[in-house]
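Colleague: Structure in structure tokens, see below.
The values are calculated or read from the model by the stated rules, or taken from the named source; none is laboratory data. Owing to the predicted nature of the structure, the values given are computational and were not obtained by experimental measurement. Counting neighbours? That spans all protein chains shown, and the Cβs are built from the backbone with ideal geometry, glycine included. All accessible areas refer to the heavy atoms of the entire protein, side chains included, with ligands and DNA or RNA removed. Shrake-Rupley method; radii C 1.70, N 1.55, O 1.52, S 1.80 Å.
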Amino acid sequence: MNWLVTGGAGYIGAHVVRAMTEAGERVVVYDDLSTGTADRVPSGVPLVVGSVLDQQLLERTFREHDIAGVVHIAAKKQVGESVERPLYYYRENVTGLQTLLEAMTAAGVDRLVFSSSAAVYGMPDADLVTEDTPCVPMSPYGETKLIGEWLIAAAARAHGLKAAALRYFNVAGAATPELSDTGVFNLIPMVFERLEAGAAPRIFGDDYDTPDGTCVRDYIHVEDIASAHLAAARRLAEAPAGTSLTLNIGRGEGSSVREMVDRILKTTGHEDVTPEVTARRPGDPARVVASADRIRAELGWSARRDLDDMIRSAWQGWRHRHG
Ligand SMILES: NC(=O)c1ccc[n+]([C@@H]2O[C@H](COP(=O)([O-])OP(=O)(O)OC[C@H]3O[C@@H](n4cnc5c(N)ncnc54)[C@H](O)[C@@H]3O)[C@@H](O)[C@H]2O)c1
């Protein structure tokens, strides 16, 4: 069977394509190249350039490539931008998904793996966040992901769709330098950017109610994210109609911002640099760490790579892009 990977020319999508093709799955990439690049798509994997808002093109692609399932990764993902441009985010992420579901229903494509996010939880009041922790997203971006999950669950109930929503925690690292993240929206590339500019990396607040006062997050290697998609896709191939899974993808281990910055400084040979502590950023929760029990039980999946793998590979990718 053939899988359509939307957003397969982006950072995470390219890793999913790599993991699926290496495991012998046949894959077609569908991407509008708004933030992705065609050079991330391996030769031999067809690339259809188009938007998930284009139902006709989706239906034609399903027919022409004999698609049986979709891994829907395409979306806009910047929290800050979503606050400034909520209508754009709702159109791209919610209307885009709705259009995809309509095309899938019309074409009889019944398997869907969906990129969700820990942003659906907002400021969770839990030591370990389980999939049953209440979802109170704090940004239009997080809202679009939660609404996406609702849309999918409703379509699974009504139309027999089989679906898995994967809530990624903090994604980092790269399989190869060429596939590394090009954006500077997360802690690790933000530290690299400061170091490259000869500036001290910033820690936003050290007065949180955490062991060292800085925020605690669950970092997960993008290759582990990719292998979770492969496991979910294979599971759906055998699942009964109407199956609807919601799964955290994290390591279940918290790391503080200070610990991460110290590790990054060590890995990149900047031990002499002292980070600068500044005021808290609005909207940063103190601690967001996954419980990864459900995905282990449901898919037999667990993360295999550690913080050093993430930082080392992200740094190689940064050096590759920035010389
Ligand atoms: N990177 C993270 O830390 C993170 C964390 C949680 C969830 N996610 C989710 O993972 C997914 C991928 O994120 P990423 O980091 O790889 O981002 P990315 O920007 O690198 O990739 C997104 C891809 O989707 C494509 N795309 C965007 N809008 C499209 C549209 N309307 N039609 C077709 N293609 C479109 C882009 O061209 C790009 O190739 C997103 O859904 C994001 O919300 C990412």
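Colleague: Can you tell me which residue in the stretch 27-45 is farthest from Asp181 (Cα to Cα), limited to those that are part of a loop (DSSP other than H, G, I, E, B) and more than 11 Å from the ligand (Cβ to nearest atom)?
Modeller: Gly44
Colleague: Taking the condition charged (D, E, K, R), open to solvent by 10 Å² or more (accessible area, probe 1.4 Å) and either within 23 Å of Leu236 (Cβ to Cβ) or within 15 Å of the ligand (Cβ to nearest atom) (or both), does Glu84 pass?
Modeller: Values: charged (D, E, K, R): yes; open to solvent by 10 Å² or more (accessible area, probe 1.4 Å): yes; either within 23 Å of Leu236 (Cβ to Cβ) or within 15 Å of the ligand (Cβ to nearest atom) (or both): no.
Criteria not met by Glu84.
Colleague: For the stretch 18-45, what are the residues that are touching a Phe, Trp or Tyr at 6+ places or on another chain (Cβ under 9 Å) and of a type outside the set (Asp, Glu)?
Modeller: The answer is Met20, Arg26, Val27, Val28, Thr35, Gly36, Arg40.
Per-residue answers, yes or no, for (1) at pLDDT 95 or above; (2) more than 10 Å from the ligand (Cβ to nearest atom); (3) open to solvent by less than 50 Å² (accessible area, probe 1.4 Å); (4) among the aliphatic types (A, V, I, L, M):
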| residue | (1), (2), (3), (4) |
| --- | --- |
| Gly10 | yes, no, yes, no |
| Val16 | yes, no, yes, yes |
| Glu25 | yes, yes, yes, no |
| Leu47 | yes, yes, no, yes |
| Glu92 | yes, no, yes, no |
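Colleague: So Asn170 passes all but one of these: (1) open to solvent by 30 Å² or more (accessible area, probe 1.4 Å); (2) farther than 22 Å from Gly7 by Cβ. Which condition number does it fail?
Modeller: (2)
Colleague: How many of the residues making up the stretch 58-78 are more than 10 Å from the ligand (Cβ to nearest atom) and either surrounded by 15 or more Cβ atoms within 10 Å (Cβ to Cβ) or modelled with pLDDT under 95 (or both)?
Modeller: 10
Colleague: Would you confirm, using the coordinates I've provided, whether Arg312 is at pLDDT 95 or above, of a type outside the set (Ser, Thr, Tyr), farther than 18 Å from His15 by Cβ and open to solvent by 20 Å² or more (accessible area, probe 1.4 Å)?
Modeller: Details: at pLDDT 95 or above: yes; of a type outside the set (Ser, Thr, Tyr): yes; farther than 18 Å from His15 by Cβ: no; open to solvent by 20 Å² or more (accessible area, probe 1.4 Å): yes.
No; evaluated as a whole, the condition is false for this residue.
Colleague: Out of all the residues in the stretch 27-40, which are buried (at least 17 other Cβ atoms within 10 Å of the Cβ) and out of contact with any strand residue (DSSP E or B) (no Cβ under 6 Å at 6 or more places or on another chain)?
Modeller: Across the stretch 27-40, the qualifying residues are Asp31, Asp32, Thr35, Gly36, Arg40.
Colleague: Could you please give the count of residues in the stretch 257-275 that are of a type in the set (Asp, Glu) and surrounded by 12 or more Cβ atoms within 10 Å (Cβ to Cβ)? Let's see the steps before the verdict.
Modeller: Taking the stretch 257-275 and keeping what is of a type in the set (Asp, Glu), we get 259, 262, 271-272.
After this cut, where a residue has to be surrounded by 12 or more Cβ atoms within 10 Å (Cβ to Cβ) as well, the list is 259, 262.
Looking only at that region, the number is 2.
Colleague: For the stretch 206-215, state whether one or more residues are closer than 30 Å to Glu178 by Cβ and either in contact with a Leu (Cβ under 6 Å, 6 or more places away or on another chain) or buried (at least 17 other Cβ atoms within 10 Å of the Cβ) (or both).
Modeller: No, every residue in the stretch 206-215 fails to be closer than 30 Å to Glu178 by Cβ and either in contact with a Leu (Cβ under 6 Å, 6 or more places away or on another chain) or buried (at least 17 other Cβ atoms within 10 Å of the Cβ) (or both).
Colleague: Return the only residue of Ala239, Ala232 being over 21 Å from the mean Cα position of the chain (by Cα) and closer than 26 Å to Glu22 by Cα.
Modeller: Details: Ala232 fails: over 21 Å from the mean Cα position of the chain (by Cα).
Selected residue: Ala239, the only one of Ala239, Ala232 that is over 21 Å from the mean Cα position of the chain (by Cα) and closer than 26 Å to Glu22 by Cα.
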